[in-house]
Every structure is written in structure tokens, then in C-alpha cells.
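None of the figures in this text is laboratory data; all of them are computed from the coordinates on show. Bear in mind that the values here come from a model prediction, so they are computed numbers and not experimental data. Note that we place each Cβ from the backbone using ideal geometry, even for glycine, and neighbour counts take in every protein chain shown.
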Amino acid sequence: MSNSGRKKWIAQKYSSIALIPLIAYFLLKILQLSSMNYEQIITETGTIWFLVLVLIFTIIGLFHMRLGLHEIIEDYVQNEIMKNISFTGINIFFIAILGLVSVSVLLIFLN
Amino acid sequence: MYIIYKSEFFMNNPLSPHLQIYRWQITSVLSILHRITGVVLSLGTIILSVWLLCLGLGETYFNFFNHLISSFIGRTIMIGYTWAVCFHTLNGIRHLGWDYGYGLELIAVKITGWTVILSSLVMTTIIWFLSVL
């Protein structure tokens with residue numbers, strides 16, 4: 001257990017490093033897409049490598065989110081039951097968003 | 001000893017940092033903002049994934065979603081969200097610098113702090129200016 005804080009810190013650090021280029025890429029991409037119509041956006045986003053990149057971004061982003069939210073809850077929630085409810089809530093949120101993105105990516109690919 | 005530890009007084013100990021009596025400083029404000037923007041970004045994933053879902057579902061859904069975020073409230077949320085992305089990313093880079101031992105002097109912490117605030121605002125303005133063009 002004494003090692004868990006350090007491991008979380010390292011995981012948070014490496015996930016954030018990975019997220020910097022991904023954030024920059026997706027900010028520019030969304031900016032580019034904002035001037036296009038639906039057909040153009042579908043052709044632009046419908047490639048397999050782009051959709052895989054979306055999934056990678058989602059997984060690393062959600063992982064980073066989970067670690068960050070855990071840290072906040074560990075600092076501000078003292079009650080053990082509330083703490084566990086919050087952790088479960090975060091896990092459900094993680095799975096829900098990942099599911100939503102996966103379905104969307106599949107739909108865009110089949111489009 | 002155990003009873004004292006488990007007593008009401010210790011269970012309801014005030015949490016550090018004692019926000020009610022804290023003097024506002026650039027260092028603490030940015031630390032709090034980093035957490036707040038982190039939570040905001042987490043919640044915003046709902047908007048982003050619904051946008052992606054609408055894109056996959058078809059043009060009708062996509063246009064409806066665009067109609068919603070083109071409203072005044074929608075625009076305000078999206079601009080705020082853009083700032084949250086910029087701020088959290090830039091301040092995150094500042095945190096990474098600290099992790100590797102850079103910029104830990106008080107003066108550096110203050111300078112980089114203000115740099116993060118200003119550049120996040122400039123970035124948000126540039127992004128929305130370009131999107132309007």
C-alpha cells in the first residue's frame with residue numbers, strides 16, 4: 001500500500017505526457033472540422049487510423065481522469081462509505097463514456 | 001486512545017487547505033483551478049462523446065446537436081470548455097516541469113503561473129477567432 005501513491009503519481013505523469021500531443025492534435029482537428037459540412041467531416045473522420053487515435057485518446061484521457069478524480073476524493077471525502085460510492089461512480093462513468101465512444105466510432109466507421 | 005481518535009471531534013477535523021481562512025494567492029488559486037478544470041473536463045466528456053455519437057448516427061442528429069451548441073448558452077459552454085482544455089494542458093505542463101525539478105523557485109512559480117493564465121486566455125481567443133473565420 002505504501003507504494004500506491006507513488007505508482008499513481010507516475011501513472012498520472014506519463015498519461016499527461018501522452019495527452020499533450022493528443023490534445024494539440026485534436027484541438028487542431030476540431031478546428032479544421034468546424035469549417036466543414038457533414039459529408040466532409042464523415043470522409044475526414046471515417047478513416048481507421050483516425051478512429052483508432054480517437055479510441056487511444058479516450059482510453060488515456062479517461063485513465064488520467066480516473067486518477068485525478070481519485071486524488072480529489074481522497075483529499076476531500078473522509079467518510080469511507082462515501083469514498084467507495086464515489087470510486088464506484090467514477091468507474092461507472094469511465095465505462096459509460098468508453099462505451100459511448102466505442103459505439104460512436106463503430107457507427108462512424110460503418111457510415 | 002482509540003476512542004478519542006474515533007470521537008466526533010477528530011472525525012470532523014477541518015480539511016487542509018483551510019479554504020475559509022485562506023488568503024488568495026496565485027499559487028493556491030492555480031492549484032484549485034487545476035482541480036476544478038479537471039472536473040469540468042471530465043464532465044465535458046459527456047458533450048464530446050454525444051457529439052461523436054451524433055456524428056455516427058447521421059446528419060439529422062448531427063445538425064440538431066450543432067443547433068444546440070450554436071445557441072448562446074451552448075457557445076458560452078463551449079468557449080468555457082475550450083479555456084478549461086487550454087488551462088489544464090498548460091498548467092499540466094507546468095506541473096510536469098516541477099516533477100522534473102524545473103521552476104520550483106517561488107519567483108518562477110509566480111511567473112509561470114501568470115504565463116499559464118495569460119496564454120490560456122490567448123489560446124482560447126485564437127482558437128475561437130479562427131473557428132469564426
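A few notes on this one:
- Model label points for B:Trp24 and B:Asn63, set 7 angstrom from Cα along the Cα-to-Cβ axis, are 4.6 nm apart.
- Cα pair distances exceeding 17 angstrom across the range B:17-133, given as percent: 65
- Backbone HN-Hα couplings from phi across the range A:94-111 [Karplus 6.51/-1.76/1.60, Hz, Gly and Pro as x]: 3, 5, 4, 5, 4, x, 4, 5, 4, 4, 4, 4, 5, 4, 5, 5, 6, 4
- Label-point separation in nm, B:Ile47 to A:His70, each point 7 Å along Cα→Cβ: 2.8
- Computed over the protein assembly as shown, the Cα gyration tensor eigenvalues convert (square root of 5λ each) into semi-axes of 36, 23, 17 Å, ordered from largest to smallest.
- Inter-chain shielding of B:70-78 (mean C-beta neighbours from other protein chains, 10 Å cut-off): 0
- Per-residue ellipticity at 222 nm, computed for the protein assembly as shown from helices alone with -39500 (n - 2.57) per DSSP H run of at least four residues, works out to -29000 deg cm²/dmol.
- Between A:Glu39 and A:Asn91, the modelled labels are 4.8 nm apart [label points 7 Å from Cα along Cα→Cβ].
- ³J(HN,Hα) computed for each position of the range B:73-86 - Karplus, 6.51 cos²θ - 1.76 cosθ + 1.60, integer Hz, glycine/proline x: 5, x, 4, 4, 4, 5, 5, x, 5, 4, 5, 4, 4, 4
- If R0 is taken as 41 Å, the Cβ-Cβ distance between A:Ala11 and B:Val132 corresponds to a FRET efficiency of 0.60.
- Isotropic mean projected area of the C-alpha convex hull, the range A:4-110 (nm²): 7.9
- Cross-link partners for A:Lys83 among the aspartates and glutamates, with Cα-Cα distance under 18 Å and sequence neighbours closer than 8 places in the same chain left out: A:Glu71, A:Glu74, A:Asp75.
- Couplings 3J(HN,Hα) for the range A:22-29, derived from phi with the Karplus relation 6.51 cos²θ - 1.76 cosθ + 1.60 (θ = phi - 60°), are 5, 4, 4, 4, 6, 4, 5, 5 Hz, where x marks Gly and Pro.
- Per residue of A:36-46, other chain Cβ atoms within 10 Å of the residue Cβ number 2 on average.
- Each part gets one Cα centre, and for the range A:25-102 versus the range B:38-94 those centres are 11 Å apart.
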